[in-house]
Every structure is written in C-alpha cells, then in structure tokens.
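To start, the structure under review is shown below, and the notes come after it.
The values are calculated or read from the model by the stated rules, or taken from the named source; none is laboratory data. Just so we're clear, the structure is a prediction, and the values are computed from it rather than from any experiment. Every residue, glycine as well, gets a Cβ built from its backbone with ideal geometry; the counts of neighbours run over all protein chains shown.
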Amino acid sequence: MRPLGLDVSLGILAGVPRPVAVADAAQLPLASASVDGALALHMLYHVEDIPAAIKELARVVKPGGVVIASTNSARDKAELDHLWERSAGDVLGVDKGPARISLSARFSLEQAPELLAAEFGKVETIELPGTIAVRSPEPVIAHMASYRAWAGQHAVPFEETVERAREIVSEHIERKGAFEIGCLGGLLVCTG
Ligand SMILES: C[S@@+](CC[C@H](N)C(=O)[O-])C[C@H]1O[C@@H](n2cnc3c(N)ncnc32)[C@H](O)[C@@H]1O
C-alpha cells in the first residue's frame, strides 16, 4: 500500500512522509475509484461543505474500499464545558457564562452516521471512550489558552476566567486528588 497525505494547509504537511499534496477535501485531486481506502481523521468538522467532502471521499474510493472518519462526541470532555461556563459565570456575575466553542459540533459522533449514510451503504460507529485524570491545574489552564480569540468575541474577560478556572480546579484536586475529564471520540467505518 502506498499512502498519500492530503491537507488544505501546506504547513501541516511539512513533517508528513512523502508523497503529499495540498488539497481541499471538497475537491480531491484524485480520479474516481482510484484508492483502496481513505482516512478523514478529526477533520471533516473543519470543512465548509461537509456533504461535498463526504461525496468526494465516496467518489475516490474503489468499490469494496473503506473510508474511516473520526470525530468527538457532543459529550466529549463535558467537564471542561462546565468548568468554563462556571468560571465565566462567576467572573461575569451570572449563573452560567457562554458555552465554550466546540469545533467538532458540526460533525459530532452522534450526527456523523446520518451525514455519511448519504453516500455509504454501511456506517459502523466504534466508540473510543477514555478518562484524563489531571493532578495539577496546569494542563487544563494550558488547554484554555486556545479559547482566547473566541472568548474575546463573546465579551468574556479571558484572563480573569482562566484564573477563576485555576482556583476551581485546584480546589477540586485538593479535595479529590484529581480532576477527571471524560473523553469520548470514535471512528466511523464506512463501506458500500
Ligand atoms: C484537527 S486537525 C487533524 C489532523 C490529522 N488528520 C490528525 O488526525 O492528526 C484538522 C486538519 O484538517 C485540515 N483541514 C481543514 N479543512 C480542510 C479542507 N477543507 N480540506 C482538507 N483539509 C482540511 C486542517 O488543515 C488540519 O490539518
């Protein structure tokens, strides 16, 4: 098997073994029925026209081939959603602050089978659950740094909210020994 790496961003392809090509998932530079299989891992939720990209994946795969997509459940890392809403709420003086951005919500593990079924006869979901146990607030705070641009758009005071989150997580770890985050991702195996 000879893998080919595709991404819309040239920078992402820098460290990927050759051959690679810059390509938009909604317009793949491949002939119809030309590949044995395709992987679309944690990326379809970024694509502007998701149905068009799914159509392209179905087009380029040979009959009998397989497409495997992956994404997150809407319930993935819910503890971080609650932490952000509580911290922002405390800072803003309201019950609950605005929900943090969820990139995968456009193609969640719950919605994906229906979207993929438009092009594939069989779509099997394989759930991949896990737990992250954090024993210091630092990894949570480092993760929250990625909310900065989004928080500004929603008038959430970023630094204060992150500091409040640090207090909440530290108190939680002191009481329970760890702050646990439930993860739920999954694979969608598409054939037919
Ligand atoms: C979360 S990363 C996942 C990367 C990789 N598949 C992995 O599992 O590590 C999402 C990737 O999708 C790419 N992407 C976003 N929109 C795209 C599009 N329309 N066509 C192709 N790639 C796209 C981004 O450049 C980024 O590299």
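Taken together, S70, S108, S146 contain a single residue that is among the polar types (S, T, N, Q) and farther than 18 Å from L187 by Cα, which is S146. Taken as a whole, the structure leaves E85 outside the set of residues that are assigned to a helix (DSSP H, G or I) and within 11 Å of the ligand (Cβ to nearest atom). Within the range 48-75, restricting attention to residues that are in contact with a helix residue (DSSP H, G or I) (Cβ under 7 Å, 6 or more places away or on another chain) and touching a residue at least 60 places away in the same chain (Cβ under 8 Å), the residue that is surrounded by the most Cβ atoms within 10 Å (Cβ to Cβ) is A69.
crowded, with 18+ Cβ neighbours inside 10 Å, under 20 Å from the mean Cα position of the chain (by Cα), modelled with pLDDT under 95 and closer than 30 Å to P139 by Cβ - does that describe any residue in the range 110-119?
Residues of the range 110-119 that are crowded, with 18+ Cβ neighbours inside 10 Å, as a first pass: 112, 115-116, 119.
Next cut, under 20 Å from the mean Cα position of the chain (by Cα) only: 112, 115-116.
If we keep only those that are modelled with pLDDT under 95 too, we end up with none.
There is no residue in the range 110-119 that is crowded, with 18+ Cβ neighbours inside 10 Å, under 20 Å from the mean Cα position of the chain (by Cα), modelled with pLDDT under 95 and closer than 30 Å to P139 by Cβ.
State which residue is nearest to the chain's Cα centre (by Cα) when the search covers only the range 120-169 and only residues that are part of a helix (DSSP H, G or I) and small (G, A, S). Across the range 120-169, the extreme among qualifying residues is S146. When the range 17-47 is filtered for residues that are exposed (fewer than 13 other Cβ atoms within 10 Å of the Cβ), more than 9 Å from the ligand (Cβ to nearest atom) and under 29 Å from S73 (Cβ atoms), only D36 remains.
Among the residues of the range 60-76, what is the count of those that are on the phi > 0 side of the Ramachandran plot and either part of a loop (DSSP other than H, G, I, E, B) or among the aromatic types (F, W, Y) (or both)?
So in the range 60-76, the residues on the phi > 0 side of the Ramachandran plot come out as 64.
Right, trim to either part of a loop (DSSP other than H, G, I, E, B) or among the aromatic types (F, W, Y) (or both) and you get none.
The total comes to 0.
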